[in-house]
Amino acid sequence: MVDEQISEIIELLRKENPHVRVALLNSNPLELLIATILSAQCTDKRVNEVTKTLFKKYRSLQDYMRILRGRYLKVCMAQELCASGTEGSS
């Protein structure tokens, strides 16, 4: 039931917004989620630079869970992202 509802919602969104393009580079829903969380901490350009390496190193939800160690992903990654002095919103 829930899967059917999700599929219907996705289809409606695609019909209403057929040309939507996401600036964050990703190859699957997990990568998009991670990139979206990180984009709240700095520019989309910087997120795309960092995630090139990040997505090669961490490939599964379990990989990210291991690095969290009780902390939110955005807190862990924000330090790495903003360490270069690039911060702000996209």
*asked:* For region 43-67, give me each residue that is free of Cβ contacts under 8 Å to residues at least 24 places away in the same chain and of a type in the set (V, I, T).
replied: T53, I67
*Residues being at pLDDT below 90, surrounded by fewer than 10 Cβ atoms within 10 Å (Cβ to Cβ) and part of a helix (DSSP H, G or I): count how many of those fall in region 1-37.*
5
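The values are calculated or read from the model by the stated rules, or taken from the named source; none is laboratory data. Treat the numbers as computed from the prediction; the structure is a model and nothing was measured. We place every Cβ from the backbone using ideal geometry, glycine too, and count neighbours over all the protein chains shown.
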